[in-house]
Amino acid sequence: MQELPRRTSSSGPALIRLLARLSDADILEPRQSLPDRLSQWLGWTDAIALAAALNGSSPAATASEEDPGSAGRSLYVRVKTELKGAIVGVNAPPAARQRGHRAAPVQGDSKPAEPVEFATYRRRYISLQQAMEASVANLRSRLRGMLACQPGMAGLAGVDAAMEQALNEREYRLLAGLPALLETRFERLRRAGAEAPADELAASPAGGAGAWLDVFHKDMQSVLLAELDIRLQPVEGMLAALRAC
């Protein structure tokens, strides 16, 4: 099957560039700078919380024999590895189902392949989003605790907590729209796959859906991995601060 044409964009985060390519859309450069846009996202209560975090006094550091940079990095690697493993395996068929596809059909008892619907992938995507949100939030909280124990870093930990509280709802709304964008991609690939040769459909391991479903699986995995990178950016900032300690 011939891949649908993709338009490449050269600006924006990896997730934005990927979504633009999958939807064959262009990205317009924002007219406002990041600080200007951020100021519109924060309410007056958020500004007060940020000011309090910036002006708060730093408690005395707690002595620790463990290097905070190494400890934080170990936590980060473990969480990221677990989440990436779940993302990579989200669309892998069970072994029993694979064996069923390889088995020769019984004459006169063959059944048509069940239609592939996007609802299954929406549930999988949302489930992984929930797993990412919970794991990253817990990791972020633990790193803040480690950062707050370092000399002069309590203010930075407080700023991260305030920013998480202020932007959590907006982040949730924006990322919640990703399954709908993937559904559009799913339908485009399915329409293109309907024109694939019959022998290609029969040879596909994707339940007769054709090679287009394999393409969609890769696209969905790429979007999930890009979303994970977005969610981990604040964590990586705190890791850099811990290494500096």
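Summing Lys, Arg as +1 and Asp, Glu as -1, what charge do residues with Cβ under 13 Å from the Cβ of Tyr125 carry, Tyr125 excluded?
0
Can you sort Phe186, Phe216 by how many other beta carbons sit within 10 Å, fewest first?
Going from least to most buried by this count: Phe186, Phe216.
In debye, nearest 20, what is the charge dipole magnitude of the range 125-199 about its Cα centre with +1 on Lys and Arg Cβ and -1 on Asp and Glu Cβ, if you could check?
With Lys and Arg at +1 and Asp and Glu at -1, about 120 debye.
For the range 121-130, take each phi angle, set θ = phi - 60°, evaluate the Karplus expression 6.51 cos²θ - 1.76 cosθ + 1.60, and give the result in whole Hz per residue in order, putting x for glycine and proline.
Karplus-based 3J(HN,Hα) across the range 121-130 equals 6, 4, 4, 5, 5, 5, 4, 6, 4, 5 Hz.
No lab work stands behind these numbers, since they all come straight from the coordinates. The structure presented is a predicted model; accordingly, all values stated were derived computationally and were not measured. Ideal geometry is used to build each Cβ from the backbone, glycine not excepted, and the neighbour counts take in all protein chains shown.
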